[in-house]
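The values are calculated or read from the model by the stated rules, or taken from the named source; none is laboratory data. All figures in this text were calculated on a predicted structure; none of them were measured in a lab. Don't worry about glycine lacking a Cβ; one is built from the backbone with ideal geometry, like all the others, and counts go over all protein chains shown. Accessible surface is based on the protein model in full, side chains and every heavy atom, while ligands, DNA and RNA are left aside. Shrake-Rupley method; radii C 1.70, N 1.55, O 1.52, S 1.80 Å.
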Amino acid sequence: MPTGAGAAGAELEAEVAALLSSADDPGRPGAVQILPRPTRRPARVLLAGVGASDEAGWRAAGAAIARAVRPEEQVQIEPGPGVPAEALRGLAEGLWFGSYRFRDAFTGPRSTEITIRVDDPGNYTQSLETARVTAAATWLARDLANMPASVKNPAWFAAQIVAEAATRPGLTVTVREPEQLAAEGFGGILAVGAGSASPPRLLEMSWQPAAASRHVVLVGKGITFDTGGISIKNRDAMKLMKKDMSGAAAVVAATLGAADLNLPVRVTTLAPLAENAISGSAYRPGDVITQYDGTTSESTNSDAEGRLVLADALAYAVAELNPDVVIDLATLTGANAVALGKRTAALYSHNDELAAALAAAGAAAGEAMWRLPLPGDYLEYLHSDIADRHSSPARGAGSVVAALFLSEFLGDHLDRWAHLDMSAPSWAAADDGDLTSGATGWGTRTLLRWLSS
Ligand code: BES
Ligand code: MN
Ligand code: ZN
């Protein structure tokens, strides 16, 4: 990173040049060289690579700097004259993403002061505000998914979002409790939530600015813990299942961010919230569930719970909300990681334009996704002898079949829908670039970019 070496003198410039010439690929995005100068000021000089000097390169540099600085250190960054606004956005987002720590939610944040010096700050106000809102939304999504499920039951999750929304004018939230879910026919949410001592909820949040030209509905899977139910998961598979509400976290965080940025698009966000628990009141393998649209699903594996709660929310969106676009995000299948590995979500849509726009937003935001097909001839896998469809056929292509199951609930809105299976990228096993070990908040950035475009 350019560091105002000139101002600090020729001596520093020579030290920096010597360090750079001895370093291995110092320009690589995310590379950091540290020059300790214990007896002089500045006491440490960090040299961070920005790669091609595009937004992604600066984001990587920001994250690397955030990891390299010490608590209580005072840091000055001088990106140099004429740095583009996107680069500064990348730098700021990287600094915030990389300095996230879940334990700060309990202990309060560390205070590292980072100053970015530019010649004409007025040019960067908007991009820095966008970065700030994107980071705050991402931190919220990460906090929600990292929160232990002993705290994070459906009522708690809903209460957090009600409180967040209350601080922002123009946002309204309604929370349906079990009685109302029953009265309105949300059979999937009720079945999945039936085994838990913490009953289910359906959260509905609305951002409705006067200038809105179109109406987007976002749906997020909100399983606050997935034991698998009576079709219980094994020990290893269950370990991280507090994160099974990461789709819900991303859609609510992005909606709060849309309100903060005052985006001129109407957004209705649905988060079906339930704990997939085990008890005498849990739903059973072989049960037939009546979904919101009145059709029935046979479930022979209670671990295929996400699609049942999403089906209700999607059917409700189509029947009641008249959306122009419907996007759902869900930690839906382990098969996402089998197909695409740990950092890439599976994207499904019958709409080429929508799929391309989402993938482009993801690429710009630093979240990868790859489109997989919705083959019509696999729909027969969903056949059930006793219900309108089967929720858990075991015939391979797990992520694809789950997406096909959801597609059944879009009715005449099928070509306005996209589904993101983000099971894999919702979690980072260790610090990695701008991801801090734990929940990644995946989808929040992509949705905010896409909503802004
Ligand atoms: N929440 C899981 C999917 C998951 C697995 C998310 C690993 C993140 C990491 C989901 O509810 C599930 O259990 N899916 C089953 C579906 C199967 C029973 C048809 C799966 O993927 O095995
Ligand atoms: Mn499951
Ligand atoms: Zn699940």
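Where only DSSP H runs of four or more residues are counted, the chain gives -11500 deg cm²/dmol as its mean residue ellipticity at 222 nm, each run worth -39500 (n - 2.57). Accessible surface calculations at 1.4 Å, restricted to protein heavy atoms, place segment 23-93 at 46 Å² per residue.
In µm²/s, what is D for segment 34-121 at 10 °C and 1.306 mPa s, where D = kT/(6 pi eta Rh) by Stokes-Einstein and Rh is the Kirkwood radius from Cα pairs? In µm²/s, the coefficient is 116. Using the Karplus relation 6.51 cos²θ - 1.76 cosθ + 1.60 with θ = phi - 60°, the per-residue 3J(HN,Hα) values for segment 190-196 come to 5, 4, 5, x, 5, x, 9 Hz, with x marking Gly and Pro. Only aspartates and glutamates eight or more places from Lys342 in sequence, or on another chain, were considered; those with a Cα closer than 19 Å are Asp236, Asp244, Glu367, Asp421, Asp431, Asp432, Asp434.
Computed with a 1.4 Å probe over protein heavy atoms only, the accessible surface of segment 270-408 comes to 37 Å² per residue. Of the accessible area of segment 6-131, computed with a 1.4 Å probe over protein heavy atoms only, carbon and sulfur atoms account for 53 percent. With all protein chains kept in place, the per residue accessible area of segment 99-230 amounts to 43 square angstrom at a probe of 1.4 angstrom. Placing +1 on the Cβ of every Lys and Arg and -1 on the Cβ of every Asp and Glu, with no other charges, gives the chain a dipole of roughly 1200 debye about its Cα centre. Taking the Kirkwood radius as Rh and the Cα radius of gyration as Rg, the chain has a ratio of Rg/Rh equal to 1.02. Counting protein heavy atoms only, segment 152-452 has 52 percent of its accessible area on carbon and sulfur, 1.4 angstrom probe. Contact order, relative form, for the chain: 15 percent (alpha carbon pairs under 8 Å, 6 or more residues apart, mean separation divided by residue count).
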